[in-house]
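To keep things clear, I will list the structure first and then write my remarks on it.
The values are calculated or read from the model by the stated rules, or taken from the named source; none is laboratory data. Nothing here was measured: the structure is a model prediction, and the numbers come from that model. Quick reminder, even Gly has a Cβ in these numbers, built from the backbone with ideal geometry, and neighbours come from all protein chains shown. What goes into the accessible areas is simple: the full protein's heavy atoms, side chains included, and nothing from ligands, DNA or RNA. Shrake-Rupley method; radii C 1.70, N 1.55, O 1.52, S 1.80 Å.
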Amino acid sequence: MRERKRRETRAALSLAAIRLCLQRGWENVTVDDIAAAANVAPRTFRNYFSTKAEAVAAAHLERMLRIADELRDRPTGEPLWTAITNSVAAQFEPPAQNSEALRNAKQWLDRIRFILTEPAIHGEVLKASAVAQVELAEVIAERAGAQRGNELYAQVAAAVVTAVVGTVVDRWLRDGPSGSIVPLLRKSFELVASGFPENKATG
């Protein structure tokens, strides 16, 4: 419960940081502004983040950690790459019709685009991906029954998951998102699971 509460607070601070930066511009937002928007003291902000960039990148980290959470909860009999695909897709499913999330879909896209394109936070996004990759590797190792000293598969698989998510989101945004990203994610993980057969490169 304590860890869940910490993650909720981190997520709230990150969302406040992104929202303010989109409204005012990166250079016009301070740590004090973010703390005030999240209804916490600046000291509380500094208990969670060292910099504004780290706070923004935390949104990316939280999404990747939720993929690990989902994977841990998937049925044990589900094939590994099927479980991974479903875990990733669950974090990118389009909002339900007439939901608040659907009404805020454009804001969500703006946030994703900002996280991926703001040069000032690029380093922190890479760090967040690395942290999430470690967590993913642990969960994959658990599912695969890997023993210490034989975890290379889990580490490589986690790196592949991180790379696929980043690549697909980037392509989806560049192509001008007009629908769900989930089919593209599923297609990409299907390529991974099938071992990248050469005929798929030209098919």
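Can you give me the % of accessible surface on the chain that is carbon or sulfur? Probe 1.4 Å, all protein chains present, nothing else counted.
Carbon and sulfur together cover 52 percent of it.
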Scoring the chain by relative contact order with C-alpha pairs under 8 Å, at least six apart, yields a percentage of 21
So if I place +1 on the C-beta of Lys and Arg and -1 on the C-beta of Asp and Glu, and nothing else carries charge, what would the dipole magnitude of the chain be about its Cα centre? I want it in debye, nearest 20. 360
Specify which labelled value, from (i) 17.7; (ii) 17.1; (iii) 18.2, agrees with Kirkwood radius over Cα pairs in Å derived from the coordinates of the model shown. (iii)
Choice from ALA17, ALA120, ALA59 showing the highest fluctuation, given a GNM over the chain with Cα pairs closer than 10 Å: ALA120
Computed over the chain, protein heavy atoms only, probe 1.4 angstrom, the accessible area per residue in square angstrom equals 58
Between ARG113 and LEU191, what is the label-to-label distance in nm when each label sits 7 Å out along the Cα-to-Cβ direction? 2.4
MRE, 222 nm, helices only [DSSP H, n ≥ 4, -39500 (n - 2.57), over the chain, to nearest 500]: -23500 deg cm²/dmol
